[in-house]
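The values are calculated or read from the model by the stated rules, or taken from the named source; none is laboratory data. Treat the numbers as computed from the prediction; the structure is a model and nothing was measured. All Cβ positions, glycine included, derive from the backbone under ideal geometry; neighbour counts span all protein chains shown. These accessible areas exclude ligands, DNA and RNA; they are computed on the full protein's heavy atoms, side chains included. Shrake-Rupley method; radii C 1.70, N 1.55, O 1.52, S 1.80 Å.
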Amino acid sequence: MNPVMRDIKTHIETERLILKMPEPGDGTAVNAAIQRSVNELKPWLGFVQETPTVEDTESNAREAHAKFLLRQNLRYLVFLKEDMTFVGSTGFHRMDWDVPKFELGYWMDTAHSGKGYMREAVEALTAYALNDLGGARVEIRCESENKRSRAIPESLGFELEGILRNEDLSVDGKRLTDTCIYAKVRVKGA
């Protein structure tokens with residue numbers, strides 16, 4: 001089936017959160033979170049090596065919207081249900097619809113970290129992928145030294161399948177890094 005023909009939820013609700021597809025106009029809130037969090041995000045994420053402008057972030061949100069509609073990248077922006085405050089971003093960034101398998105990534109606004117919001121969002125997306133999208137596998141990759149990122153799959157029962165040593169360069173290009181691969185798989189026959 002052509003991925004464009006797949007029905008994908010544009011909004012997912014959890015107990016405290018609303019995850020929604022990026023839309024034009026989201027760039028301002030996302031950029032404000034990046035600005036607040038740049039020091040915490042910079043060691044791990046390429047897109048903050050040079051702090052993006054509001055226009056850069058708005059452009060990125062619009063591109064993410066288009067890629068969502070084409071089923072090429074399913075990014076979800078994470079908002080608090082009570083007042084629609086933006087708290088982070090997550091989603092399926094690499095997908096193979098033939099298997100089907102999904103790689104999940106995420107980042108958090110520092111002002112809202114430590115409250116379990118991203119764990120809640122990742123748990124919801126993992127269940128959505130395995131139960132509703134028929135996924136055989138959900139994978140999370142992160143740098144071995146990124147303890148906060150690693151804590152999420154570890155707390156959700158993902159299995160650490162391996163650590164690829166000297167597998168990548170740090171986002172600043174100055175050193176080799178190791179990549180942890182965590183996965184949760186659907187039980188065969190289920």
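Under the convention that each Lys and Arg Cβ holds +1 and each Asp and Glu Cβ holds -1, the size of the dipole of region 3-185 around its Cα centre is about 180 debye. The relative contact order of the chain, computed from alpha carbon pairs under 8 Å that lie at least 6 residues apart in sequence, is 18 percent.
Here region 48-123 is assigned +1 on the Cβ of each Lys and Arg and -1 on the Cβ of each Asp and Glu. Its dipole about the Cα centre then comes out at about 260 debye. Applying the Karplus relation 6.51 cos²θ - 1.76 cosθ + 1.60 with θ = phi - 60° to region 59-74 yields 3J(HN,Hα) values of 4, 5, 4, 5, 5, 4, 4, 5, 5, 4, 4, 7, 6, 8, 7, 10 Hz, where x marks Gly and Pro.
The Cα atoms of region 6-49 cover 35, 25, 20 Å along the three principal axes, with the biggest extent listed first.
When a 1.4 Å probe is rolled over the protein heavy atoms, the share of accessible surface on the chain that falls to carbon and sulfur comes to 48 percent.
How large is the helix-only mean residue ellipticity at 222 nm for the chain, computed as the sum of -39500 (n - 2.57) over DSSP H runs with n ≥ 4, divided by its residue count, in deg cm²/dmol to the nearest 500? About -8500 deg cm²/dmol.
Computed over the Cα atoms of region 3-185, the ratio of the radius of gyration to the Kirkwood radius (Rg/Rh) comes to 0.94.
Near residue 160, within a Cβ-to-Cβ distance under 10 Å, what is the net charge of the other residues, with Lys and Arg +1 and Asp and Glu -1? Overall, the nearby charge balance is -2. Convex hull of alpha carbon positions in region 30-116: directionally averaged projected area 6.5 nm².
The order of the peptides 46-53, 133-140, 101-108 by mean Cβ neighbours within 10 Å, most packed first, is 101-108, 133-140, 46-53. Accessible area ranking (1.4 Å probe, heavy atoms, ligands and nucleic acids excluded), largest first, for 112, 11: 11, 112. Summed over the residues of the chain and divided among them, the accessible surface reaches 53 Å² per residue at a probe radius of 1.4 Å.
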